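Chemist: Here's a structure for you.
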Protein chains: 4
Amino acid sequence: MNTPLDQLRNELQEVNHKLLALLNDRARISHEIGLVKEKQGVPKFDPIREKEMLEHLIANNQGPFDNSTIKHLFKEIFKASLGVQEKEHKRTLLVSRKQHESNTVIPLKGNTIVGNGSPIMVAGPCSVESMEQLRTVAAALKAAGVTVMRGGAFKPRTSPYDFQGLGIDGLRMLKEVGDEFGLSIISEIVHPAHMEIAAETIDVIQIGARNMQNFELLKAAGEARIPVLLKRGLAATLDEFIHAAEYILYHGNSQVMLIERGIRTYETSTRNTLDISAVPLLKQETHLPVLVDVTHSTGRKDIFLPCAKAALAAGADGIMVEVHPDPQTALSDANQQLDIPQFNDFWSGLLGSGLFNR
Amino acid sequence: MNTPLDQLRNELQEVNHKLLALLNDRARISHEIGLVKEKQGVPKFDPIREKEMLEHLIANNQGPFDNSTIKHLFKEIFKASLGVQEKEHKRTLLVSRKQHESNTVIPLKGNTIVGNGSPIMVAGPCSVESMEQLRTVAAALKAAGVTVMRGGAFKPRTSPYDFQGLGIDGLRMLKEVGDEFGLSIISEIVHPAHMEIAAETIDVIQIGARNMQNFELLKAAGEARIPVLLKRGLAATLDEFIHAAEYILYHGNSQVMLIERGIRTYETSTRNTLDISAVPLLKQETHLPVLVDVTHSTGRKDIFLPCAKAALAAGADGIMVEVHPDPQTALSDANQQLDIPQFNDFWSGLLGSGLFNR
Amino acid sequence: MNTPLDQLRNELQEVNHKLLALLNDRARISHEIGLVKEKQGVPKFDPIREKEMLEHLIANNQGPFDNSTIKHLFKEIFKASLGVQEKEHKRTLLVSRKQHESNTVIPLKGNTIVGNGSPIMVAGPCSVESMEQLRTVAAALKAAGVTVMRGGAFKPRTSPYDFQGLGIDGLRMLKEVGDEFGLSIISEIVHPAHMEIAAETIDVIQIGARNMQNFELLKAAGEARIPVLLKRGLAATLDEFIHAAEYILYHGNSQVMLIERGIRTYETSTRNTLDISAVPLLKQETHLPVLVDVTHSTGRKDIFLPCAKAALAAGADGIMVEVHPDPQTALSDANQQLDIPQFNDFWSGLLGSGLFNR
Amino acid sequence: MNTPLDQLRNELQEVNHKLLALLNDRARISHEIGLVKEKQGVPKFDPIREKEMLEHLIANNQGPFDNSTIKHLFKEIFKASLGVQEKEHKRTLLVSRKQHESNTVIPLKGNTIVGNGSPIMVAGPCSVESMEQLRTVAAALKAAGVTVMRGGAFKPRTSPYDFQGLGIDGLRMLKEVGDEFGLSIISEIVHPAHMEIAAETIDVIQIGARNMQNFELLKAAGEARIPVLLKRGLAATLDEFIHAAEYILYHGNSQVMLIERGIRTYETSTRNTLDISAVPLLKQETHLPVLVDVTHSTGRKDIFLPCAKAALAAGADGIMVEVHPDPQTALSDANQQLDIPQFNDFWSGLLGSGLFNR
């Protein structure tokens, strides 16, 4: 039996199918317009024409949809059509997993490879202070089987009166220790002009959180010949983080690792809030290795171990942690650096969890 | 002359107009279906049917739009059609200025009216402590020409070991002082069962920030016979704030005032961050009076005056500030209460700015 | 040889030891004053006297310390002395691990125990909709070996026009299904007056995020005879969360579980930001079981599994997740509920990780 | 009569005064040690020695203060003593009002002065697009009596595929228009190497929000010969903002203006949250002019006017707003730029408020 409701539903279905056909007609025409514009070298998005079309439609609208609904629906249709126009030529992001399905892997010194499923540990002092300090840490790392060391030569500091790092001398000291102990070296670079010296002295350029949207530095890192470790900004969205990485790839360097280091929130019991969901989301959206810095995200030694475990369980490709022979006397960030016995405990806790050797 | 581009554009325009006609056809059918359903007492939104329609359309989609685009566009169309279905009966928010264009005005004791364009000042101690304390403040307010006093009888405190207020005794003390000095009294109520006693003792029920989404309390306030001052939650969006007010109106009480009291952010130099843009946005979206609590938003006496001026310049209908005869010995929130001479300075600074008598 | 520096250092050491002796003398006297006051029933903290003492000291200060430094140092000394005064009687928090070193364990139906080192899974629909819906989920949980089901009977919703839940009928339906399938039932209670009916129908009272600082509800939950699952507020600090739990223990109920459910931040790629560091911090500070709600913290099915793994690796005592037979047609929160096959995948992924059976 | 309490209080007072004398003795010795170290060129803060002193004191502590209290109190004392050591030579911040009580005033073209009590208006397009665009805006500004124009030549954009600005050509176009209409020009500089060309073409260098902690850029701006407008970072604390300005002064440029442009919070109804309390706090803490960017702080044209009024009422030295001849077709940030009639309304609303001519 055919109720009035059934009849109305049939009518609705018919209209739906006519709409479907028309929408696809529209997409086809729109695509052809795109091809013509492309030949003419004219941008495909033409906001003035869109405005005119909308005005025309609204002038002819007899309801029952009101004008704002019509405007909204056609804007959606225009946007979708534009997507078709640009589909073939569209620059999907270079960092996107849709562009490049397999994981980017980054080989470092020796047999260390980042992003191949076996997580890495990056450890070392906040700042480079002396050869003795570096050698003490390097020896401890080597003894523990850790192959990547970090150390800050250029220190971006809130106050101009704080210790700003040893600069190029620091890079040279890192190189010497890296060579001596066979460790790969990661160090932050803060000036576009220093990419050359970085490539000569260290193995991985770190771009710090405060410089995540220093696009001139990102462009320079894109032209560098060594891998880049990009830190998430203090309050960067994942979308901004991904696009910052895109700058580096777009300028020629595909050896990029991402590192979550906590975001700025209202919570004060930790230095920042470790955004653990960033790990699976970045792994899903991009093909780049994703690390987690437990030092800056939490700022609390007492929870480095459970947070590092969480990071690995969430799929992180590595952990970064600060280690100093004598944190009490460190020139920067004393409270959140592990001393060497603490690091050894942390490291064996992590190895013991089974999460490090997935 | 007719270029190929012109021709394509003409085709596009034709398709646009066919789409327009079809969309409006669809809206008409959808509206009729709604009327049938209404007679049958069946809900108009039928997600299962929507799902079927989408599946059917996708099964018939031949591109160039891909399935996800078709799904997206039809979901937008369905949503818009539903809007037509419900348009006549749709409950636009009661708080909305679209529903009720003129300002809600709330008469208090004497000639005081909230929301009529002339801002009010609400001052008084954080907590009710003694009759002497209340009388000292009330006398100072009366001398200054201020007609509304606040005082906390029920104090929602983070810790169960902190002073929780004098409760119903406190309300009675407030009533006595309000009567004696001819002041309207605002005090926070925290339990749905206390609305009755509130209506007998005070003039305005305050719903505190921590209870902004305590919907049982909002419903009870909706049934109360006296005006309500609703504080924005610690981290409430404006949308949530507006809907919390809607609960009170929906349950029968249209005498509602809103008060911005700062939101929780990463910034620590102020207790909270005064969201000044909330003032014009709430005035624009709703017809309710909007006040600003400079005490809790900033937590800093040294900037109460410029922030109160900013609030008035942005269109606020009133200012709330904490005043205590001896803040140093206050049982709660000592650091952010003005003493009486400080209040008099604040008040004359505000009067002198010309912003109070717009 | 004794350099001038050595000599000065010796002097300094001498002064240090005199200060040490004097500080302890002061603590002793202060303690005795406390005992006298206690006998007299007078509060120990006397801000007016402190102020007088400070003024007196400043009047006698001859430098080189400036007055503000002297004020600061003596305030610290006063505070420390007060600590001594109150030490014996001080109410350390009942939730604190310092008070109660061993883990609180909470037995539920059958052999399920929360907090004994073996994590639990809590799953079920956002809202109770029908017996059929509940039975479908319950059967799936039982088949998977899951023993605790959640379901919302009272739904605190942003808008008064949204589905508010089936209320007491919903509780009764939950009881029936819980009895039938041998599952423990968790459901949210929003009104202090409903604790009695909760104790008769369900196994665990949930206090929702919006009510975390609804202290009247916390007090009522403290008087309830069944365990309580307390959700962290939308933007609550850990300190506030811990104190909210303290209200429940202080009012008599020691069977409290905490649940992290994401905090409100600027990031929009997830519904909230899962604060993973809250897990180890809450385990460290309190003796209560700590769960993680992956549904509300992320709002994204596509990362439930890695986030649940991270929670367990960080030490969580359980995971909560929303499951619905047909999320598309659910009356609330459709996008973030797993359907049953998705839940089975999630569950086997978690079991397969080895993290569930530590 | 002398009660036991009185007697104890007298004892306490005596101890207080002995402590006062000893603390000042300690400060004196500490100061002398500082002088010796200064001669030797040794850093005054010696954490290892502090640690030894603390250990020694704790080894000798016989209570009733427990070791952690003793440690805490002595750390406070050490810190205070260090303050005395460094007092004479201490670098108080150059930006601090304590260093420089009177307002910094910054003269621009013609008679425009920033920071002298009479607020300025800065308006112009987000991006420089064409001479015609610039001339249209410049003519409108000139007609309105506005003397400062902004326009972006270098555009730091989230995506490398977005329009990055006309670069140095854009600066030259700005110069030409500035000269033609007698307007001072503000434009953002993003690379340290561009300070020279900036000084030749524009009147004020803007450092953008994303570069607030790009310290290499700040140092370069410190060496520039023209004034700098420093924007607050997306999620910068006021302390970080103040120290970023300090970098510029420290490197030689005292002509610095600060501009609040909204901070990143959870609220989504505005683009950012305008932190109005930043205005009085920055005016209080520093001697620099403080402006407010209503465009980026709110992102909503509909509340530019009340927010600009609020900024002026709070004490701002100027307002910045984006104006474009045709915002719909603008190459960037279309939704938040005023067109020229809208700007004229905004401007006359502001003039009419009386807040502009304080």
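Chemist: Six or more apart or on different chains, Cβ atoms under 6 Å: show the pairs whose first residue is in the range D:126-154 and in contact (Cβ under 8 Å) with a residue 40 or more places away in the chain and whose second is of a type in the set (Lys, Arg).
Modeler: Sorted first by the residue in the range D:126-154, then by its partner, the pairs are D:Ser127/D:Lys155.
Chemist: A further question follows. Any residue at all in the range A:325-337 that is hydroxyl-bearing (Ser, Thr, Tyr), within 12 Å of chain C (Cβ to nearest Cβ) and either within 13 Å of the chain's Cα centre (by Cα) or open to solvent by less than 20 Å² (accessible area, probe 1.4 Å) (or both)?
Modeler: Quick first cut of the range A:325-337, residues hydroxyl-bearing (Ser, Thr, Tyr) only: A:329, A:332.
Add one more test, that the residue is within 12 Å of chain C (Cβ to nearest Cβ), and what stays is none.
No, the conditions are met nowhere in the range A:325-337.
Chemist: Assuming C:His243 fulfils every condition listed in (1) part of a loop (DSSP other than H, G, I, E, B); (2) in contact (Cβ under 8 Å) with a residue 60 or more places away in the chain; (3) open to solvent by 20 Å² or more (accessible area, probe 1.4 Å) apart from one, which condition is it?
Modeler: Among (1) part of a loop (DSSP other than H, G, I, E, B); (2) in contact (Cβ under 8 Å) with a residue 60 or more places away in the chain; (3) open to solvent by 20 Å² or more (accessible area, probe 1.4 Å), C:His243 violates only (1).
Chemist: Which residues, taken from the range D:111-137, are crowded, with 23+ Cβ neighbours inside 10 Å, farther than 16 Å from D:Val204 by Cβ and among the small types (Gly, Ala, Ser)?
Modeler: D:Ser127
Chemist: Within the range C:169-197, track down each residue that is of a type in the set (A, V, I, L, M) and away from chain B (no Cβ under 14 Å). Explain how you work it out, then say what you get.
Modeler: Restricting attention to the range C:169-197, the residues satisfying the condition of being of a type in the set (A, V, I, L, M) are C:171, C:173-174, C:177, C:183, C:185-186, C:189-190, C:193, C:195, C:197.
Listed by number, the residues that qualify are C:Leu171, C:Met173, C:Leu174, C:Val177, C:Leu183, C:Ile185, C:Ile186, C:Ile197.
Chemist: Suppose we keep only residues that are at pLDDT below 70 and of a type in the set (A, V, I, L, M, F, W, C) within the range D:43-89. Which one would you say is farthest from C:Val15 (Cα to Cα)? Please lay out each step first, then the result.
Modeler: Residues of the range D:43-89 that are at pLDDT below 70, as a first pass: D:43-45, D:47, D:83-89.
Next cut, of a type in the set (A, V, I, L, M, F, W, C) only: D:45, D:84.
Numbers: D:Phe45: 19, D:Val84: 16 Å.
Among those residues, the one meeting the criterion is D:Phe45.
Chemist: Just need a number here: residues in the range B:92-110 that are over 16 Å from the mean Cα position of the chain (by Cα), within 13 Å of B:Asp203 (Cα to Cα) and in contact (Cβ under 8 Å) with a residue 12 or more places away in the chain.
Modeler: Of the residues in the range B:92-110, 3 are over 16 Å from the mean Cα position of the chain (by Cα), within 13 Å of B:Asp203 (Cα to Cα) and in contact (Cβ under 8 Å) with a residue 12 or more places away in the chain.
Chemist: Something else: Which residue is farthest from the other protein chains (Cβ to nearest Cβ), if the candidates are limited to the range A:296-313 and must be within 15 Å of A:Cys126 (Cβ to Cβ) and open to solvent by less than 10 Å² (accessible area, probe 1.4 Å)?
Modeler: Ranking the qualifying residues of the range A:296-313, first place goes to A:Phe304.
Chemist: Since A:Val228 meets every condition but one in (1) in contact with a helix residue (DSSP H, G or I) (Cβ under 8 Å, 6 or more places away or on another chain); (2) surrounded by fewer than 24 Cβ atoms within 10 Å (Cβ to Cβ), which condition does it not meet?
Modeler: Evaluating A:Val228 over (1) in contact with a helix residue (DSSP H, G or I) (Cβ under 8 Å, 6 or more places away or on another chain); (2) surrounded by fewer than 24 Cβ atoms within 10 Å (Cβ to Cβ) leaves (2) as the failure.
Chemist: Somewhere in the range C:268-278, is a residue assigned to a strand (DSSP E or B), in contact with a Ser or Thr (Cβ under 6 Å, 6 or more places away or on another chain) and of a type in the set (S, T, N, Q)?
Modeler: Pass one, the range C:268-278, residues assigned to a strand (DSSP E or B): C:273, C:275.
Checking which are in contact with a Ser or Thr (Cβ under 6 Å, 6 or more places away or on another chain) leaves us with C:273, C:275.
Checking the rest, the ones that are also of a type in the set (S, T, N, Q) come to C:273.
Looking for residues that are assigned to a strand (DSSP E or B), in contact with a Ser or Thr (Cβ under 6 Å, 6 or more places away or on another chain) and of a type in the set (S, T, N, Q), one finds at least one in the range C:268-278, hence yes.
Chemist: For the range D:51-66, name all the residues that are assigned to a helix (DSSP H, G or I), open to solvent by less than 70 Å² (accessible area, probe 1.4 Å) and more than 7 Å from every other protein chain (Cβ to nearest Cβ).
Modeler: As a first pass, look at the range D:51-66 and keep what is assigned to a helix (DSSP H, G or I): D:51-59.
Checking which are open to solvent by less than 70 Å² (accessible area, probe 1.4 Å) leaves us with D:53-54, D:57-58.
If the condition is that a residue be assigned to a helix (DSSP H, G or I), open to solvent by less than 70 Å² (accessible area, probe 1.4 Å) and more than 7 Å from every other protein chain (Cβ to nearest Cβ), then D:Leu54, D:Ile58 are the ones that fit.
Chemist: Taking the criterion of being more than 19 Å from D:Ser187 (Cα to Cα) and of a type in the set (Lys, Arg), would at least one residue in the range D:243-263 satisfy it?
Modeler: For the range D:243-263, residues more than 19 Å from D:Ser187 (Cα to Cα) and of a type in the set (Lys, Arg): absent.
Chemist: Right, another one. Mind checking which pairs have a first residue in the range D:37-51 that is in the same structural domain as D:Lys79 (by TED's automatic domain parsing) and over 15 Å from A:Asp326 (Cβ atoms) and a second that is among the acidic types (Asp, Glu) and at pLDDT below 70, Cβ under 8 Å, 6 or more apart or different chains?
Modeler: D:Lys44/D:Glu86
Chemist: Quick one: what pairs do we get from the range C:339-352, first residue within 13 Å of C:Pro125 (Cβ to Cβ), second open to solvent by 30 Å² or more (accessible area, probe 1.4 Å) and in a loop (DSSP other than H, G, I, E, B), C-beta under 9 Å, 6+ apart or different chains?
Modeler: C:Asp339/C:Pro325; C:Asp339/C:Asp326; C:Ile340/C:Pro325
Chemist: Within the range A:258-277, how many residues turn out to be touching a Leu at 6+ places or on another chain (Cβ under 6 Å) and touching a residue at least 40 places away in the same chain (Cβ under 8 Å)?
Modeler: Let us first name the residues in the range A:258-277 that are touching a Leu at 6+ places or on another chain (Cβ under 6 Å), namely A:258-259, A:262, A:264, A:269, A:276-277.
Still in the running and touching a residue at least 40 places away in the same chain (Cβ under 8 Å): A:259.
Counting residues in the range A:258-277 that are touching a Leu at 6+ places or on another chain (Cβ under 6 Å) and touching a residue at least 40 places away in the same chain (Cβ under 8 Å) gives 1.
Chemist: So B:Val279 clears everything in (1) open to solvent by 10 Å² or more (accessible area, probe 1.4 Å); (2) within 13 Å of another protein chain (Cβ to nearest Cβ) except one condition, right? Which one?
Modeler: (1)
Chemist: Still on this structure, please answer the following. If I filter the range A:254-274 for residues that are more than 29 Å from C:Leu355 (Cβ to Cβ), open to solvent by less than 10 Å² (accessible area, probe 1.4 Å) and within 14 Å of chain D (Cβ to nearest Cβ), do I get at least one hit?
Modeler: First pass over the range A:254-274, keeping only residues more than 29 Å from C:Leu355 (Cβ to Cβ): A:254-256, A:264, A:266, A:268.
With open to solvent by less than 10 Å² (accessible area, probe 1.4 Å) added as a condition, the list becomes A:256.
Then keep just the ones that are within 14 Å of chain D (Cβ to nearest Cβ); that gives A:256.
Among the residues of the range A:254-274, at least one is more than 29 Å from C:Leu355 (Cβ to Cβ), open to solvent by less than 10 Å² (accessible area, probe 1.4 Å) and within 14 Å of chain D (Cβ to nearest Cβ), which makes the answer yes.
Chemist: For C:Leu174, are the conditions met, namely being in contact with a strand residue (DSSP E or B) (Cβ under 6 Å, 6 or more places away or on another chain) and closer than 25 Å to C:Glu260 by Cβ?
Modeler: Values: in contact with a strand residue (DSSP E or B) (Cβ under 6 Å, 6 or more places away or on another chain): yes; closer than 25 Å to C:Glu260 by Cβ: yes.
When the stated conditions are applied, C:Leu174 passes them.
Chemist: Of all residues in the range B:228-253, which are more than 12 Å from chain C (Cβ to nearest Cβ) and among the β-branched types (Val, Ile, Thr)?
Modeler: Answer for the range B:228-253, where residues must be more than 12 Å from chain C (Cβ to nearest Cβ) and among the β-branched types (Val, Ile, Thr): just B:Val228.
The values are calculated or read from the model by the stated rules, or taken from the named source; none is laboratory data. All values reported here derive from a predicted model rather than from experimental measurement. All Cβ positions, even for glycine, are placed from backbone atoms using ideal geometry, and neighbour counts span all protein chains on display. Only protein heavy atoms, including side chains, enter the accessible area calculation; ligands, DNA and RNA are left aside. Shrake-Rupley method; radii C 1.70, N 1.55, O 1.52, S 1.80 Å.
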